[in-house]
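**Q** Below are the structure tokens for one structure; questions will follow.
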Amino acid sequence: MKDFFKTTFACVLGMVIAGLILPILGISIVAGALSSDDKASIEENSVFFLDLNGAIEERAEANPLTSIMGDKLKTMGLDDIIAAIKEAKRDENIKGIYLQAGAVGGASSASLEEIRSELESFKESGKFVVAYGDQYSQGLYYLATVADKLILNPHGNIAWRGLASTPVFYKDLLEKLGVEMQIFKVGTYKSAVEPFIATEMSDANREQITEMLASTWGELLDAVSASRNIPKEKLNEYADKFMDYCQAEEYIACGMADTLLYKDGVLNYLKSLTGVDGDDELNLVTMATMQNRLKIVRELMDVSDKSEVAVYYAFGEIDGSTSSFEGINSSEVIKELRKLRQDDNVKAVVLRVNSPGGSAYGSEQIWREVTLLKAAKPVVVSMGDYAASGGYYISCAADCIVASKTTLTGSIGIFGMFPSTEKLMKDKIGLDFDVVKTNRMSDFGVSSRSLRPEEKTVLQNYVNDGYDLFLKRCADGRGVAVEDIAKIAEGRVWTGSKAKELGLVDELGDLDKAVEIAAQKAGLADFCVKAYPKSEDFIQKLMDTDKKDYMETMASEALGSYYSTFKFIRNIGNCDRIQARLPFELNIR
């Protein structure tokens, strides 16, 4: 019996030790493997393999659970892609870039525009760019046309059909559920509320989307026409024919592609460009290798004593609370910007904004901190895919605003949505509510009943005041009269090109352009660029990651362009009731 207890105790102790120690050991092994899997060294006559397959975000933070779980879906950071191309241009051992077009989600035209611009800069160094795809999406085809040679699989396809927006409307669904959305808004074009109260676009919304699509399509036509030497009229003819399912030979005949090759043929072609013998292996440098190189560069930059231009990334929806939030948490952004304001080594700040807006309250708080920052040092805004509504609110106080041609911006307007579940509770579920109150509006805002006329008046006045404040912030920031801003406000969305004409944007260009302007305004000739917020290392990220974060990553990558719609509906009960937000569920394809 004594031996039995000893054996049992030993087994239990072993299980406890295994349960505590082995996971930690396993994590350490995984971390070590991930950090040493790709070396930072690059051999002579190498080719940077830029495999665009996955989701592209403004700034991707690796989720350790995706690595441990072995998920093949990947999220790429636009900042990493741009930095890797720059590093490939600088490294004399890299002779060119092999761009492989896969399936990319999350990248709007402005992000692709920035990558394309960086590839054009890469070519100016005399190095080559070769693009290959089995099936080119329309966006990646636009990107790939920058290549010296555009190769298609002999049984592949190129999507070329023009742009369309297919927003989703929930009014009928809500009516069936017994939910009524009570709307308060300012701005003829402030159409973010339309999906909840209508079954189709309003005339004003159709007008702004039509103009926005035409402007974006025009930019794509200009770029592809110049690169492929195909008249824009012809490209429109091809789009009208719907080129997605043509025979591969037709793309060659009309000049949309240069040659047809299987992947082994592409590799042999790359060997010929780099002088590698047919039997020898082609040196392909992966994105992981480039990231290791970039990590070393950033670590050296962290200890540099040069004057600094800080790039602060603010992307996602804007939240007005102090709780944990996936996008732009206003309280956290304020803390970070305050640190940059108080850091004497930071001589200028570039605020990189990629946001459709969100909480009007949160936007106002960030605006305040930007004005304080501007009083201490130059502030330049660089706009990504979106910098609209609340995204424009937090940008308007900057010394200079830089946007891409296809950035969606403006949308200066305010709205509020208050759901009433009275019919759901009474007619669908069978619940009744009563109330005892001390004053007329003590029960204001309960969702179990519709708002009364006097309550609606209070809310509309509140929204009107918020809109007037928004107009004033924009007018003060742009140095124009409120009346002038009002003429181009009304919640209307503009592309970067049009916003430049209207004075909402100062310059057209990418993040590099914004950094250059910031350095000039600070009088800097020799400086370093550092990104904020600081990225966490693998172990810290693993400790901070929970199952929810992992599922969010998987949902985002699986749903692609529909994820923003899903997330907004899921969070609608928790978000601030007054919003400065873009109607960005446009489902542009």
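**Q** Out of (1) outside any helix (DSSP H, G or I); (2) modelled with pLDDT under 95; (3) not aromatic (Phe, Trp, Tyr), the odd one out for Ser564 is which?
**A** (1)
**Q** Looking at Ala253, Ala248, Ala214, Ala223, which one is small (Gly, Ala, Ser), crowded, with 17+ Cβ neighbours inside 10 Å and more than 30 Å from Pro419 (Cβ to Cβ)?
**A** Working: Ala253 fails: crowded, with 17+ Cβ neighbours inside 10 Å; Ala248 fails: crowded, with 17+ Cβ neighbours inside 10 Å; Ala214 fails: crowded, with 17+ Cβ neighbours inside 10 Å.
Just one listed residue meets the conditions, Ala223.
**Q** I've got another one for you. Working only within the range 266-288, note down all residues that are free of Cβ contacts under 8 Å to residues at least 60 places away in the same chain and over 34 Å from the mean Cα position of the chain (by Cα). Give the steps one after another, and end with the answer.
**A** Kept after step one, since they are free of Cβ contacts under 8 Å to residues at least 60 places away in the same chain, are these residues of the range 266-288: 267-268, 271-272, 277-281.
Passing the criteria: Asn268, Lys271, Ser272, Asp277, Gly278, Asp279, Asp280, Glu281.
Residues are listed down the side, and each one gets a yes or a no for (1) at pLDDT 95 or above; (2) surrounded by fewer than 24 Cβ atoms within 10 Å (Cβ to Cβ); (3) more than 24 Å from Ala214 (Cα to Cα):
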| position | (1), (2), (3) |
| --- | --- |
| Ala88 | yes, no, yes |
| Gly106 | no, yes, no |
| Lys127 | yes, yes, yes |
| Tyr141 | yes, no, no |
| Leu152 | yes, no, yes |
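Per-residue answers, yes or no, for (1) part of a strand (DSSP E or B); (2) at pLDDT 95 or above; (3) in contact with a Phe, Trp or Tyr (Cβ under 8 Å, 6 or more places away or on another chain):
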site: Leu451; (1), (2), (3): no, no, yes
site: Glu455; (1), (2), (3): no, no, yes
site: Arg473; (1), (2), (3): no, yes, yes
site: Ile485; (1), (2), (3): no, yes, no
site: Trp494; (1), (2), (3): yes, yes, no
site: Lys498; (1), (2), (3): no, yes, no
site: Glu501; (1), (2), (3): no, yes, no
site: Leu504; (1), (2), (3): no, yes, yes
site: Cys528; (1), (2), (3): yes, no, no
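**Q** Being among the charged types (D, E, K, R) and at pLDDT 95 or above, is that true of even one residue in the range 389-402? Give the derivation first.
**A** Taking the range 389-402 and keeping what is among the charged types (D, E, K, R), we get 399.
With the extra rule that they be at pLDDT 95 or above, the set shrinks to 399.
Looking through the range 389-402, at least one residue is among the charged types (D, E, K, R) and at pLDDT 95 or above.
**Q** Hey, does the range 506-515 have a residue that's touching a helix residue (DSSP H, G or I) at 6+ places or on another chain (Cβ under 8 Å) and of a type in the set (Gly, Ala, Ser)?
**A** no
**Q** Give the number of residues within the range 364-400 that are farther than 20 Å from Asp79 by Cβ and in a helix (DSSP H, G or I). Give the derivation first.
**A** Looking only at the range 364-400, we keep the residues that are farther than 20 Å from Asp79 by Cβ, and these are 364-378, 388-390, 392-393, 396-397, 399-400.
Still in the running and in a helix (DSSP H, G or I): 364-376, 390, 392-393.
The number of residues fulfilling the criteria is 16.
**Q** Please indicate, with yes or no, whether at least one residue in the range 190-200 is buried (at least 19 other Cβ atoms within 10 Å of the Cβ), closer than 26 Å to Glu113 by Cβ, touching a residue at least 40 places away in the same chain (Cβ under 8 Å) and aromatic (Phe, Trp, Tyr).
**A** So in the range 190-200, the residues buried (at least 19 other Cβ atoms within 10 Å of the Cβ) come out as 190-196.
Then keep just the ones that are closer than 26 Å to Glu113 by Cβ; that gives 191-192.
With the extra rule that they be touching a residue at least 40 places away in the same chain (Cβ under 8 Å), the set shrinks to 191-192.
Now drop any that are not aromatic (Phe, Trp, Tyr), which leaves none.
Checking the range 190-200: not a single residue is buried (at least 19 other Cβ atoms within 10 Å of the Cβ), closer than 26 Å to Glu113 by Cβ, touching a residue at least 40 places away in the same chain (Cβ under 8 Å) and aromatic (Phe, Trp, Tyr).
**Q** Give Ser125, Ser117, Ser121, Ser111 a once-over and let me know the one that is among the polar types (S, T, N, Q), out of contact with any Gly (no Cβ under 9 Å at 6 or more places or on another chain) and in a helix (DSSP H, G or I).
**A** Details: Ser125 fails: in a helix (DSSP H, G or I); Ser117 fails: out of contact with any Gly (no Cβ under 9 Å at 6 or more places or on another chain); Ser111 fails: out of contact with any Gly (no Cβ under 9 Å at 6 or more places or on another chain).
On inspection, the qualifying residue turns out to be Ser121.
**Q** Tell me the residue from Leu221, Leu174 that is of a type outside the set (D, E, K, R), out of contact with any strand residue (DSSP E or B) (no Cβ under 6 Å at 6 or more places or on another chain) and under 30 Å from Gly466 (Cα atoms), please. Explain how you work it out, then say what you get.
**A** Numbers: Leu221 fails: under 30 Å from Gly466 (Cα atoms).
Just a single option satisfies the conditions, and that option is Leu174.
**Q** Let me ask something additional. Need the failing condition index for Ser389 against (1) out of contact with any Pro (no Cβ under 9 Å at 6 or more places or on another chain); (2) assigned by TED's automatic domain parsing to the domain that holds Ala514; (3) closer than 22 Å to Tyr467 by Cβ, just the number.
**A** (1)
The values are calculated or read from the model by the stated rules, or taken from the named source; none is laboratory data. Note that this is a predicted model, so its numbers are computed, not measured. FYI the Cβ positions are ideal-geometry reconstructions off the backbone, even for glycines, and counts take in every protein chain you see.
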